[in-house]
1. Is there any pair with a first residue in the range 75-91 that is in contact (Cβ under 8 Å) with a residue 12 or more places away in the chain and a second that is in a strand (DSSP E or B) and basic (Lys, Arg) whose Cβ atoms are under 6 Å apart and which are 6 or more apart or on different chains, and what are they?
2. One residue is enough: does the range 51-63 have a residue meeting the conditions surrounded by 15 or more Cβ atoms within 10 Å (Cβ to Cβ), of a type in the set (Ser, Thr, Tyr), under 19 Å from Thr9 (Cα atoms) and within 11 Å of the chain's Cα centre (by Cα)?
Amino acid sequence: MNAMAIALTERAARQMQRALTGRGTGVGIRLAVTTSGCAGMRYVMEYADALEPEDRCFESHGVTVVVDARSLPYLTGVELDFVREGLNEGFRFNNPNATSACGCGESFSVSA
């Protein structure tokens, strides 16, 4: 495990742990960034079933977070929270690297 570059709030970690336990397999949660959306980049969150040689692993509140080397510069310093607002709930990325986000909140951009 590496020093913290990705942090989960306790709420996010509990939600992820429930999902991992319910699934029954996997080494953790994989976070990545892809080119997409109206602002240029989009977050991807999925189960990590195996580790690749270029992956970096971080532990936060008992959950292993896996990030590929290409995504790491865009995700360093991110805090992932799980929020409930009215009838809606979901994960929220608090990314200090993001310089702007689209109106729908699905994508973001960073300065070059």
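1. Asp81/Arg92; Val83/Arg92
2. no
This table checks each residue for (1) assigned to a strand (DSSP E or B); (2) among the small types (Gly, Ala, Ser); (3) more than 21 Å from Val110 (Cα to Cα).
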position: Arg42; (1), (2), (3): yes, no, no
position: Leu51; (1), (2), (3): no, no, yes
position: Glu54; (1), (2), (3): no, no, yes
position: Glu79; (1), (2), (3): yes, no, no
position: Gly90; (1), (2), (3): yes, yes, yes
position: Phe93; (1), (2), (3): yes, no, no
position: Ala98; (1), (2), (3): no, yes, no
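Here, each number is a calculation from the coordinates, and none is a lab measurement. Small disclaimer: the values here were computed from a predicted structure and weren't measured. So basically every Cβ, Gly included, is an ideal-geometry build from the backbone, and we count neighbours across all protein chains shown.
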